[in-house]
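Written out below as structure tokens is the structure these notes cover.
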Amino acid sequence: MARAWAAMRTHISDTRETSTMHIEPLTCSIGAELSGVSLADAAHDAGLFAEIKAALLQHKVVFLRDQPISRADHVAFARRFGELEDHPVAGSDPDHPGLVQIYRNDKRENYENNYHSDGLWRDTPAMGCVLRCIECPPVGGDTIWVNMAAAYANLPEEIQRKIDGLRARSGIEHSFGAVMEPEARRRLAEQYPPAEHPVVRTHPETGEKVLNVCSFTTHFINYHTPDNVRFGLDKTPGASQLLNYLVSQASIPEYQVRFRWKPHSVAIWDNRCTQHYAVQDYWPAPRKMERAAIIGGRID
């Protein structure tokens, strides 16, 4: 355990300066606040963007305050990471494809207040996201991010061995589809059938091992083997108990950073190694956010 914590902390540096940007780590495991930089400038400056991306790879989520950027600059900055994806339920701003408007002002929604990795129900989950606050309540509505590489590194070794090679299914039907009429839910499931991914993925840029299950995940697909199952009890509830244990790792505070929103604040996160939770404690106050999600690749 001490070795795992030491390895995790090697990714944390002291507060430092770059040519234009000040970086202040927020916790020992995840998150940093960037200042002295404009995302509108970074959208058109390859060198400045490279500095922000390097900070993102190190800290996994980075935050910026006082960024009154336009929607066009928001999209342009996000597109430096790659092409943007639409959302089958939320949709995009018609003038800025890929910019999803997450406006909570007319009814209470309960989609984001669980720990999740965006789009794990896709064959190609999002690489990352750029989320900008348009309007938020005076208090409440924070978002929590979790370092899932640390979550994997600190699992007991016997659990790491047990999940090595396991694969799991994740779906959209039981989450976003749950409030739909049956026919609409069936169409959603047909359009986005459950996706299969490894329980442990390797980050394609940092090489870190990452725990890769969340609230979208429903079951393992290759658990029922002679090594794992002697009696029926080992399979059910044994497999579901193991999955619940793995999903619960995201709720450990030592792996988390919590961010309080203000208008014109921005969060940029690496979706390949994090999960997040939007705290819904602010109803009936409004909360309006705009998000650009970058298309990711297949997970081997």
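Every number here is computed from the coordinates shown, using simple stated rules; none is lab data. Computed from a predicted model, the values in this text were never measured in an experiment. Reconstructed Cβ throughout: ideal geometry from the backbone, glycine too, with neighbour counts over all protein chains shown.
Annotations
- Taking 0.36 nm per residue of separation and subtracting the Cα-Cα distance, full extension of the segment from residue 28 to residue 285 would add 89.3 nm.
- Amide H contacts of residue 288 (H built 1.01 Å from N, under 5 Å, at least 5 apart or other chain): 104, 134, 135, 136
- Cα-Cα separations in the stretch 208-278 greater than 20 Å, expressed as whole percent: 47
- Coil-residue GluC sites (Glu not before Pro) of the stretch 162-252, DSSP, other Cβ within 10 Å capped at 15: 205
- Structural descriptor for the chain: relative contact order 33 percent, calculated from alpha carbon pairs under 8 angstrom and at least 6 residues apart.
- Straight Cα distances below 19 angstrom link residue 60 to the lysines 209, with same-chain residues fewer than 8 positions distant left out.
- Fluctuation leader among 215, 70, 175 - the chain, Gaussian network, Cα springs under 10 angstrom: 70
- By other beta-carbon atoms within 10 Å, ranking 262, 288 with the fewest at the front produces 262, 288.
- Convex hull of alpha carbon positions in the stretch 107-239: directionally averaged projected area 11.2 nm².
- The chain: calculated mean residue ellipticity at 222 nm from DSSP helix runs of at least 4, using -39500 (n - 2.57): -6500 deg cm²/dmol
- The stretch 41-174: relative contact order as a whole-number percent, Cα under 8 Å and 6+ apart: 18
- A simple spin-label model places pseudo-atoms 7 Å from Cα toward Cβ; at residue 157 and residue 231 they are separated by 2.9 nm.
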